[in-house]
Amino acid sequence: NATVRATVGSIFSNRIITAPELRGYTELVAASVSVNGTHTMGSLTSGNVKRYTLAGNTTITLPSPTLNANTGCSISAIIAQDSTGGRTVTFAAPAGETIIWDGSAVQPGIATAPLSETVFNFYKVAGTTHWKALRVHMGV
């Protein structure tokens, strides 16, 4: 049994789907990356869920996705402390864009205990110059 894979864009380019119902929906999780210093998120084609292990204090810059009119994109970022813990992460927007943190310009903190995780969600709408972001989980 061969498996055929195609991107949604190649199948549904310039088409509209009305009132779809999705069941058993999953998102592709990109391979975990150890980060230290500066890092730019890769293309969303490798997955909208990004996993990072902090090996040092890090600044992660969001990607610059190409969005068609009336579309948007979302990213979930899972930030894990390494076995040392105490690391920090700062998210940065691409040049010319900003991040609005749950109605604020201030990024919330992260869990700092060794091996703990913090999860953030980011959303951008085509034609805007800002990402909307919030921390959705902090802890184990």
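The values are calculated or read from the model by the stated rules, or taken from the named source; none is laboratory data. Note that the structure is a prediction, hence the values are computed from the model and not measured. Using ideal geometry, Cβ is built from the backbone for each residue, glycine included, and neighbour counts are taken over all protein chains shown. Please note that ligands, DNA and RNA were not included when accessible areas were found on the heavy atoms of the full protein model with its side chains. Shrake-Rupley method; radii C 1.70, N 1.55, O 1.52, S 1.80 Å.
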- Note on the structure: All conditions in (1) in contact (Cβ under 8 Å) with a residue 40 or more places away in the chain; (2) touching a Cys at 6+ places or on another chain (Cβ under 8 Å) are true of Asn48 except (1)
- Going by the conditions given, is Gly103 open to solvent by less than 80 Å² (accessible area, probe 1.4 Å) and at pLDDT below 95? yes
- Item | Residue that is most open to solvent (accessible area, probe 1.4 Å), among those in region 64-87 that are out of contact with any Lys or Arg (no Cβ under 9 Å at 6 or more places or on another chain) and modelled with pLDDT under 95 | Asn70
- Message: Quick check on my filter: what residues within region 41-63 are at pLDDT 95 or above and small (Gly, Ala, Ser)?
- Response: Ala55, Gly56
- Message: Quick check on region 110-121. Is at least one of its residues touching a residue at least 40 places away in the same chain (Cβ under 8 Å) and outside any strand (DSSP E or B)?
- Response: no
- Item | Considering residues of region 29-40 that are part of a strand (DSSP E or B) and modelled with pLDDT of 90 or more only, the residue most open to solvent (accessible area, probe 1.4 Å) | Thr38
- Note on the structure: Scanning region 24-63 residue by residue, those touching a Pro at 6+ places or on another chain (Cβ under 9 Å) and among the aliphatic types (A, V, I, L, M) turn out to be Met41, Leu44, Leu62
- Query: Do we find that Thr90 is closer than 22 Å to Pro65 by Cα and either over 14 Å from the mean Cα position of the chain (by Cα) or loosely packed, with under 14 Cβ neighbours inside 10 Å (or both) in this structure?
  - Reply: yes
- Which one of Lys132, Lys124 is open to solvent by less than 40 Å² (accessible area, probe 1.4 Å) and of a type in the set (D, E, K, R)? Lys124
- Just one listed residue, out of Ile75, Ile79, is touching a strand residue (DSSP E or B) at 6+ places or on another chain (Cβ under 9 Å), farther than 14 Å from Met138 by Cβ and touching a residue at least 40 places away in the same chain (Cβ under 8 Å), and it is Ile75
